[in-house]
Structure formats: structure tokens, C-alpha cells
1. Give the residues of the range 144-165 that are within 18 Å of the chain's Cα centre (by Cα) and not hydrophobic (A, V, I, L, M, F, W, C), sorted by residue number.
2. Could you say whether any residue in the range 245-255 is within 19 Å of the chain's Cα centre (by Cα) and either assigned by TED's automatic domain parsing to the domain that holds Ile328 or not aromatic (Phe, Trp, Tyr) (or both)?
3. Go through the residues of the range 165-174 one by one and say whether even a single one is assigned by TED's automatic domain parsing to the domain that holds Ala126, of a type in the set (D, E, K, R) and without any contact (Cβ under 8 Å) to a residue 24 or more places away in the chain.
4. Outside any loop (DSSP other than H, G, I, E, B), at pLDDT 95 or above, closer than 30 Å to Pro188 by Cβ and in contact with a Phe, Trp or Tyr (Cβ under 8 Å, 6 or more places away or on another chain): is that true of Val112 in this structure?
5. Of the conditions (1) within 22 Å of Leu339 (Cβ to Cβ); (2) aliphatic (A, V, I, L, M); (3) assigned by TED's automatic domain parsing to the domain that holds Ala72, Val197 satisfies every one except a single condition; which number is it?
6. Could you tell me whether Ile328 is at pLDDT 90 or above and crowded, with 23+ Cβ neighbours inside 10 Å?
7. Condition check: at pLDDT 90 or above, over 19 Å from Val112 (Cα atoms) and among the hydroxyl-bearing types (Ser, Thr, Tyr). Does Thr65 satisfy that?
8. Can you report the number of residues in the range 112-139 which are under 17 Å from the mean Cα position of the chain (by Cα) and touching a residue at least 24 places away in the same chain (Cβ under 8 Å)?
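The values are calculated or read from the model by the stated rules, or taken from the named source; none is laboratory data. If you're wondering where the values come from, they're calculated on a predicted model, not measured in any experiment. FYI the Cβ positions are ideal-geometry reconstructions off the backbone, even for glycines, and counts take in every protein chain you see.
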Amino acid sequence: MAEENKKKSAPDDMPDWSAYRGVMIFIEQRAGSAKSVSWQLLGEGRKLADKLEVDLIALVIGHGTEQLTKDAIAYGADRVYVADAPELKDYRTRPYSRVALHVIREVKPEIVLFGATATGRDLAGAIATHLPTGLTADCTILDVEPHPSRLLLASRPAFSEKMLATILCKQYRPQMATARAGVFEALPYDAARGGEVHAIPSLMDEAEIEAQVLQFIEATERFDIEEADVIVAGGRGLGGPEPFKLLQELADALGGVVGASRAAVDAGWIKHAHQVGQTGYTVRPKLYIAVGISGAVQHVVGMQNSDCIIAINRDKDAPIFKVANYAIIGDLFKIVPALTAAVKAKRSAGKQIPQEVAD
């Protein structure tokens, strides 16, 4: 009889996941300060939760998390689960995954999202293995199907970044994914929003944790292009590595960092850590200045959500001008130094840059 029932059941029958409801976002923090991708994912999670008509849930793990908890609600969370303990101050896989697994098993969210950062990837992988469930990595588009499937449509670049693959997790819950920073937009901060706060235990004593954090040393040349408010990026039009010094001077004057197109990185003119685009970083700065960048679609998808885009190129037909707010056609070797001088002059006069430029 049991064998007959097996035959009658189609292999792709959808299990009953009615006990799983809600969209959960892991709020990544370091030294009490949240990574911006966490707020961006709350913004996107709000859309998914509204489509599914469920709560948006934030998971906060750390020590001294009172402000993070308030911020999570202000950025859109309906419920916040908080594990606050000295042993959770710094990220370590075992204690963080133990807490996250406990919360996920108790709360049963149907979707759990993490930033595609070193921490997010490590934690998400550990959790997915133990649940077990599927995990889609490095997503750039997230959507959901309505009832009855309620499937997460997690899309990510594939086939050498030339196509987008949409991956489904039909047979397991929760559905999990990591998402790139800079792709999604955080909601406006609303301090008046209300939400539930649930305290949860850390579940591990310090003595039980094998890995110990002896010291945290900040990099002497810290560079985080995903978090930058201002990016001055260079491409093949620079002609070599030396002109990047001009871009660095402008970036320094604006309080920003230097980015690059894939062509410049492949040519060996600058390190991959500066690369913006499908095969590099997706960014969302307040100001993006594209210098000598033609505007190939692989680069544009990584910076098109910038608040203000200024493109400098000798070619009046360069595709980059289609996404730019301001176009400057001419010799970058004259324009960039002139811009740097103008910014420095305004700085010395007490003007605010780059907000004035972005406005």
C-alpha cells in the first residue's frame, strides 16, 4: 500500500509549508555599527513581505545592540529577535550560527536573507548546511510568487556573468539567499515606527567557543568601495595606470574612493578590489564619476543606481551618457584636474561637497 502511495505522488509535489511564514533579514554588524547591506535588504524584504502579506523580521546578534534594534524597526522591521551577550560581540561562526539556527527553527520564516559579505556568506552557508535547506548566493534580483507556491525567485549572474539564472527552492524551508550590497535600496529611516522586540539567549558560554578573538587590527589602508558615498572610477580611456593618480586626487578632494571598470583591472592598471560591475562590486554611492568609461552593460549594472552620475568621455556617443545625470564631453586630462581644483577651492571656502554636487 505504501508503495502504491509513493507511485501516486508526483516527485515535484509541493510539501505543506504552511507553518513557515515571514521574511527574515540578518543584520550584520561590526563594533555595533551595521553594514549598509543590512538596511538595503530590509528595504527589499519589506517588498517581499508585503507581497506575501507577512511580517518582516530582523535578526540582530552582537553586544550592546540597543541602537541596532531601534534602527532595524526604523528601517522597516515588524519584529526584531535580539541576542545580546559579551561572547557575541565579535563574529564567530559557531556561536552566531547556534543562535540563528535556534531562532529560525522557533520562528519558522519562509525566507531568510543575508548580505553577500564575508560574514554573510560564512554564516548563511553554516546555517543552510545544518537545517538543511538550499542557499542561492550573490543575488542581484529578488522576487516572490504569490500563494500557493510562495516561492522565492532568487536571481544571480551566471555563465561568466553573461546571463541571469533564477533559482528556486521548492522542497525545503526556509528559502535562503545572500544578496550583493548596493543593489537594493534602504527605506527612509522612520524613528516613529513601532515593532516587537524579542530577547533570545546566546546559547553558548565563552568557554565552549573554540575560536578566540585575541585582537582586531584595522587594515592600514582600509578600502570598502561598497560603503563609499563618492566614487571616482576610471576605464580604458585613461590609457594606463598613471592617470589613476589624477582620479585619486579628485576622490580625496571629494572624500571618496577610486573605482575602475573591468577593462582597467584586466589591463593590470589597478587592483580588482576597485572593480565596479557584474564581475566586481555593485555600488550605490551618492556621487559616481565615470572617467574614460565607455559604459558597457556589465559595468553599468554595477553603478546605475547611484544617486548622481557624472560621465566624462571624449566620445559624445559613449553609452555611459545614457545613464548619466551630467555629461562632460572632452579631454579627461584637462577636465579632472580642473574639477579637483574647483572642489578644493569650494572646500577651502567652507562649501559642502559632495552633497552640493549631488543636489
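1. Passing the criteria: Ser155, Arg156, Pro157, Glu161.
2. To start, the set of residues in the range 245-255 that are within 19 Å of the chain's Cα centre (by Cα) comprises none.
No - not one qualifying residue is present in the range 245-255.
3. Taking the range 165-174 first, the residues assigned by TED's automatic domain parsing to the domain that holds Ala126 are 165-174.
Subsequent filtering for residues that are of a type in the set (D, E, K, R) retains 170, 173.
Checking the rest, the ones that are also without any contact (Cβ under 8 Å) to a residue 24 or more places away in the chain come to none.
No, the range 165-174 has no match at all.
4. Numbers: outside any loop (DSSP other than H, G, I, E, B): yes; at pLDDT 95 or above: yes; closer than 30 Å to Pro188 by Cβ: yes; in contact with a Phe, Trp or Tyr (Cβ under 8 Å, 6 or more places away or on another chain): yes.
When the stated conditions are applied, Val112 passes them.
5. Exception for Val197: condition (1).
6. On the way: at pLDDT 90 or above: yes; crowded, with 23+ Cβ neighbours inside 10 Å: no.
No.
7. Details: at pLDDT 90 or above: yes; over 19 Å from Val112 (Cα atoms): yes; among the hydroxyl-bearing types (Ser, Thr, Tyr): yes.
Judged against the criteria, Thr65 is a match.
8. First, the residues of the range 112-139 that are under 17 Å from the mean Cα position of the chain (by Cα): 112-125, 135-139.
Retained after the next criterion (residues that are touching a residue at least 24 places away in the same chain (Cβ under 8 Å)): 112-117, 119-124, 135-139.
So the count comes out to 17.
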